[in-house]
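The values are calculated or read from the model by the stated rules, or taken from the named source; none is laboratory data. Please read these numbers as outputs of a predicted model, since none were measured by experiment. Virtual Cβ from ideal backbone geometry, glycine too; neighbours counted across all protein chains shown. With ligands, DNA and RNA removed, areas are computed over all heavy atoms of the protein, side chains included. Shrake-Rupley method; radii C 1.70, N 1.55, O 1.52, S 1.80 Å.
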Amino acid sequence: MRVSPSLLAADFANLSKEVEMINSSNADYLHMDVMDGVFVPNISFGFPVLNAVGKICEKPLDVHLMIVEPDRWISQVRDCGARIMNVHVEACRHLHSTVSLIHQAGMKAGVTLNPSTPVSMLVDIIEDVELVLLMSVNPGFGGQPFIRHTLKKVEELRSLIAATGSKALIEVDGGVNEKTGRELAAAGTDILVAGSYVFGSEDPHSRIDILRNL
Ligand code: DX5
Ligand code: ZN
């Protein structure tokens, strides 16, 4: 299992220490949640923070944009050092075009589904993306309980990927801990995002290792 700790749950007054903790951990990525207060009912952080963290983070950045019109920000996301740019299908009017622009900018493209958006929405884009991010909570806030229906969506997505020969990885975001992580692993998840489970712990390195070993 790969693990992408979500910086949203970090201590923002000690960001450089939190990033050092990630650098010295076995995490595979650092997940960064950008919110605009329009697509989701919350605002997190923007490019000044992405850039500052990008300069000191030694793990690839996995950027999750919970914003309207993500196309407008592709080059800025790339310039902060992002390896993966995740956009919500619900926020993109021309998703195929957005995915192409992300590739042209040199990043891997991830498409994200809200809990109520069916996997069938991906049928005509799955072969073009490197990653699908399934939300297992309604986006906007950390610390929410895991929506169990996500397990069925992971299985359905795994079948779609096998049927099409897509190389997309399956990432799940929201309410991930040891218990839900184990269930997600069994269902066929490749990457677990975890915010409060990792950053809310006295021993975040061991939490990352627990998830990695699932
Ligand atoms: C929620 C964010 C998540 C969040 C997860 O909108 O996309 O990445 O940080 O937090 P936890 O792991 O606490 O549910
Ligand atoms: Zn996220």
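A simple count of charges around ILE67, restricted to other residues whose Cβ falls under 13 Å of its Cβ and scoring Lys, Arg +1 and Asp, Glu -1, yields -4. Here the chain is treated as a sphere whose radius is the Kirkwood value from Cα pairs; by Stokes-Einstein at 37 °C and 0.692 mPa s it diffuses with a coefficient of 194 µm²/s.
Under the membrane-span-like helix rule (DSSP H runs whose alpha carbons stretch at least 30 Å along the helix axis, mean Kyte-Doolittle hydropathy -0.5 or higher), the chain yields none. Note on region 1-73 and region 165-214: Cα centroid distance 16 Å, given to the nearest whole angstrom.
Each listed q (0.09, 0.15, 0.18, 0.24 Å⁻¹) maps to a log10 I(q)/I(0) for region 101-214, found by the Debye formula over equal Cα scatterers with no solvent: -0.24, -0.65, -0.90, -1.34.
Order LYS108, LYS59, most accessible first, counting only protein heavy atoms with a 1.4 angstrom probe.
Values: LYS108 100, LYS59 40 Å².
From most accessible down to least: LYS108, LYS59.
So what is the calculated 222 nm ellipticity per residue for the chain, using -39500 (n - 2.57) for each DSSP H run with n of 4 or more, over all residues, to the nearest 500 deg cm²/dmol? Only helices count here, giving -9500 deg cm²/dmol. Charged neighbours of SER136, selected by a Cβ distance under 9 Å, balance to +1 (K, R count +1; D, E count -1).
Where does each of GLU127, GLU171 land when they are ordered by accessible area, with a 1.4 Å probe and the largest first? Mind showing how you got there, number by number?
Values: GLU127 125, GLU171 0 Å².
Most to least solvent-accessible, the answer reads GLU127, GLU171.
Looking at region 2-212, the DSSP beta bridges with both ends there are about 5 percent antiparallel.
Would you tally the net charge around LEU214, using a Cβ to Cβ cut-off of less than 12 Å, leaving LEU214 out, and scoring K and R as +1, D and E as -1? List each step's numbers first, then the result.
Values: positive: ARG2, LYS179, ARG182, ARG207, ARG212; negative: GLU178, GLU183, ASP190, ASP209.
Every neighbour counted, the sum reads +1.
With an 8 Å Cα cut-off and a minimum separation of 6 or more residues, compute the relative contact order for region 2-212 in percent. Could you put the intermediate results ahead of the total?
On the way: 424 pairs, mean separation 45.0, N = 211.
Averaging sequence separation for qualifying contacts and normalising by length gives 21 percent for region 2-212.
For region 1-126, what is the percent of antiparallel DSSP beta bridges, rounded to the nearest 5?
Details: 1 of 18 bridges.
Counting DSSP beta bridges with both partners in region 1-126, the antiparallel share is about 5 percent.
Stretched out straight at 0.36 nm per residue, the stretch from ASP124 to SER201 would grow longer than its current Cα-Cα span by 23.7 nm.
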